[in-house]
Amino acid sequence: MLSKIIAQTNIDHFNKWFQRADTIVIVSHVSPDGDALGSSLALAHFLESQEKTVNVIMPNAFPEFLRWMPGSKDILIYEKYKEYADELIANADVICCLDFNAVKRLDTMSDAVANSPARKVMIDHHLYPEDFCRIVISHPEISSTSELVFRLICRLGYYDDISYECAQCIYTGMMTDTGGFTYNSNSSEIYYIISQLLSKGIDKDDIYRRVFNTYSECRLRLMGHVLTNMKVYSDYNTALISLTTKEQSEYQYVKGDSEGFVNIPLSIKKVCFSCFLREDTEKAMIKISLRSVGTFPCNKLAAEFFNGGGHLNASGGEFYGTMDEAVKVFEEALEKFKPLLLAD
Ligand code: 5GP
Ligand code: MN
């Protein structure tokens, strides 16, 4: 049995909306990851099984290694089909906001969702949810939004209606947001849920291979390059990796190729904090990814130095300036956070 984590009032409220709604739009954050897609597609599969008209809309493209996910071909990319998506968003009965806590995480799609008269529900696991949804199912103690979607469907009484495809999507989100169950994954209920998903027929070993072991040769060589240039700050238990646009073109970089790089330095003994700086040509900025093991608060450093945020152990932000300047700011941040870096 699972504990009843989602408040009964939220379940009842969602149930009322869901019974009445005909057209439902599901949205998730910019640069959707496995949990954004997994939770959105899982909810879409479930709602479609209940005869609802569902549209999943993402702000921009998602990585190649998630294209196998059932339903992913029907996802509408906002950047590409803005007018049609605007219409769907404006006319939806309900908009489900999955795996993000602030409307600005929708990037160019923010205004369309914020201004839509549709009823909005947030299902998310990031800290500090902002106030833009009437129903807020926000559980930072849960390691993935996909797990929350599973819990929601079960609490509504529809476990039997979870299809094989829906189960595949839930598992993918749970797996990717815990690094293949290597962090944020000590809750025994996670494994109870996995056993239920297995009983729906999913092949978890195959899903792992599809997500983590279907990279291009270029990506692997790029990884080698990035690691060769890694900077280790031994006195701070920290490592830094970076990727300029010049390096990206040398290795025929395609979107998603550096996915997961930020975690690699954490495999060095004593390194408990890792930073990845990537120049983003489209947005003319440097994207920051931060990861930690233990108690080091990546989100605090991201908020204070890089206009960002996120979870304790996984955060991100942005920097407007050159790579050298970004490294300098990062080193200032390290100095300030040194006591916390040496605490573990
Ligand atoms: P990633 O490093 O995978 O891009 O992001 C890890 C986590 O950091 C995300 O799940 C999200 O919670 C948070 N995050 C990433 N980028 C940003 C950002 O620019 N602003 C905020 N507030 N959070 C971010
Ligand atoms: Mn997530």
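The values are calculated or read from the model by the stated rules, or taken from the named source; none is laboratory data. Treat the numbers as computed from the prediction; the structure is a model and nothing was measured. Cβ coordinates were reconstructed from backbone atoms using ideal geometry, including for glycine residues, and neighbour counts include every protein chain displayed. The accessibility values were calculated without ligands, DNA or RNA, using every heavy atom of the protein model including side chains. Shrake-Rupley method; radii C 1.70, N 1.55, O 1.52, S 1.80 Å.
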Worksheet item: Do you know which residues across segment 285-313 are touching a residue at least 40 places away in the same chain (Cβ under 8 Å), open to solvent by less than 40 Å² (accessible area, probe 1.4 Å) and within 19 Å of residue 125 (Cβ to Cβ)?
Response: 297, 299, 309, 310, 313
Practice prompt. Determine if segment 250-266 includes at least one residue that is modelled with pLDDT of 95 or more and of a type in the set (Gly, Ala, Ser).
Written response: no
Worksheet, complete the sentence: Here the residues within segment 187-206 that are in contact (Cβ under 8 Å) with a residue 12 or more places away in the chain, open to solvent by 20 Å² or more (accessible area, probe 1.4 Å) and in a loop (DSSP other than H, G, I, E, B) are 187, 200, 201
Fill in: Residue list for segment 1-37, filter: within 15 Å of ligand 1 (Cβ to nearest atom), open to solvent by 30 Å² or more (accessible area, probe 1.4 Å) and acidic (Asp, Glu)
33
Worksheet item: In this structure, is residue 118 open to solvent by less than 20 Å² (accessible area, probe 1.4 Å), closer than 19 Å to residue 45 by Cα and either within 16 Å of the chain's Cα centre (by Cα) or not assigned by TED's automatic domain parsing to the domain that holds residue 303 (or both)?
Response: no
Discussion item. Condition (residue is within 16 Å of ligand 1 (Cβ to nearest atom) and assigned to a loop (DSSP other than H, G, I, E, B)) applied to segment 38-54: is it met by at least one residue?
Written reply: no
Worksheet item: Of the residues that sit in segment 207-250 and are charged (D, E, K, R) and open to solvent by 40 Å² or more (accessible area, probe 1.4 Å), which one is nearest to residue 294 (Cα to Cα)?
Response: 235
Practice prompt. Inspect all residues belonging to segment 15-33 and state whether any of them is over 17 Å from the mean Cα position of the chain (by Cα), of a type in the set (Ser, Thr, Tyr) and not in a loop (DSSP other than H, G, I, E, B).
Written response: yes
Fill in: Long-range neighbours under 7 Å by Cβ, at least six apart or interchain, first residue open to solvent by 90 Å² or more (accessible area, probe 1.4 Å) within segment 318-338, second of a type outside the set (D, E, K, R)
320/285
Fill in: Extreme residue, farthest from the chain's Cα centre (by Cα), among residues of segment 55-67 that are more than 16 Å from ligand 1 (Cβ to nearest atom) and without any contact (Cβ under 8 Å) to a residue 60 or more places away in the chain
55
Discussion item. Checking residue 257 against (1) charged (D, E, K, R); (2) under 25 Å from residue 124 (Cβ atoms); (3) in contact with a Lys or Arg (Cβ under 6 Å, 6 or more places away or on another chain), only one condition comes out false. Which one?
Written reply: (2)
Fill in: Unique match (being out of contact with any Cys (no Cβ under 9 Å at 6 or more places or on another chain), more than 28 Å from residue 307 (Cα to Cα) and surrounded by 15 or more Cβ atoms within 10 Å (Cβ to Cβ)) among 93, 160, 99, 74
93
Worksheet, complete the sentence: Within segment 227-268, the residues that are aliphatic (A, V, I, L, M), closer than 19 Å to residue 213 by Cβ and either within 23 Å of the chain's Cα centre (by Cα) or not assigned by TED's automatic domain parsing to the domain that holds residue 298 (or both) are 254, 262, 264
Worksheet item: Are there any pairs, at least 6 apart or on different chains, whose C-beta atoms fall under 7 Å, with the first in segment 248-273 and in contact (Cβ under 8 Å) with a residue 60 or more places away in the chain and more than 20 Å from residue 64 (Cβ to Cβ) and the second open to solvent by less than 50 Å² (accessible area, probe 1.4 Å) and in a loop (DSSP other than H, G, I, E, B), and if so, which?
Response: 272/237; 272/294; 272/296; 273/237; 273/296
